[in-house]
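Nothing in this text is a laboratory measurement; each read-out follows from the coordinates by a stated rule. Note that the structure is predicted; figures quoted are calculated from it, not measured. Every residue, glycine among them, receives a Cβ derived from its backbone with ideal geometry; neighbour counts consider all protein chains shown.
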Amino acid sequence: MRNASGDEYQRVDRTFAFIDLSGFTSFIDSEGDGAALDVLHAFKSSVRQIAAKKGVRIAKWLGDGAMLVGTEPERTIEVIIEIEGVIDMSGSPLKLRAGIAKGPVLLVEGEDHIGDAVNLASRLCDIAESHQVLAPASLVSSLLVNSEVEPVGDLEISGFSEPVPVVRLLPEGGLVDS
């Protein structure tokens, strides 16, 4: 693919995860800046540690959330499931919500990704409820480890012309406390 300047771009296959602390804005309002910053620092520390350990890149921080990029879907899913578990075990007053998607995208100027997979992961995070990790059913494979799948159904996703079959990814062993 070429842009108007004639520069050539190749699509690369990547897995994207958007994560967010559900209820952060309300938490700031009710508990104050200090408590919110404590929760945010613990969240960021967990994300950095787990992502680095598994080789998944934090592409950017988005306030009380982040965009992560992986080259292997299974590893990216493992990271998100592990982050959710660490946040739960820490007793955090806020729960994680996430959206994950995979597909070919353009890597622009070495740091930004453009394509349906990025948009779908972001939209899935937006519609996820507290304690939900949503992904398109097409992402699920027999190679998934340390997680289980619960069908959600075909969802109308903003920006996508057809409904998207969506699943909820759960830690190994099934349901988590909501």
- Cβ-placed point charges (K, R +1; D, E -1), dipole of the chain about Cα centre in debye, nearest 20: 460 debye
- Item | Under 5 Å, built H, 5+ apart or other chain: amide partners of residue 148 | 170, 172, 174
- Message: For residue 113, what residues show an amide H to amide H distance below 5 Å, using hydrogens built from the backbone and excluding near sequence neighbours?
- Response: 108
- Query: For region 35-135, what is the charge dipole size about the Cα centre, in debye to the nearest 20, if Lys and Arg each add +1 at the Cβ and Asp and Glu each add -1 at the Cβ?
  - Reply: 160 debye
- ³J(HN,Hα) across region 84-92 via Karplus (A = 6.51, B = -1.76, C = 1.60, θ = phi - 60°), whole Hz, x for Gly/Pro? 4, x, 5, 4, 5, 5, 6, x, 4
- Query: Between the helical axis of 116-127 and the dominant principal axis of the chain, each derived from Cα atoms, what acute angle in degrees is found, rounded to the nearest 10?
  - Reply: 20 degrees
- Item | Percentage relative contact order, the chain, counting C-alpha pairs under 8 Å, at least six apart | 23 percent
- Task: When a/c is below 1.5 the answer is rounded, else prolate if a/b is larger than b/c, else oblate, so apply that to region 22-178 with a ≥ b ≥ c taken from the square roots of the Cα gyration tensor eigenvalues.
- Result: rounded
- 5 angstrom amide H check on residue 14, placed H, neighbours 5+ away: 103, 105
- Note on the structure: Computed Rg/Rh for region 1-86 (Cα atoms; Rh = Kirkwood radius) stands at 1.12
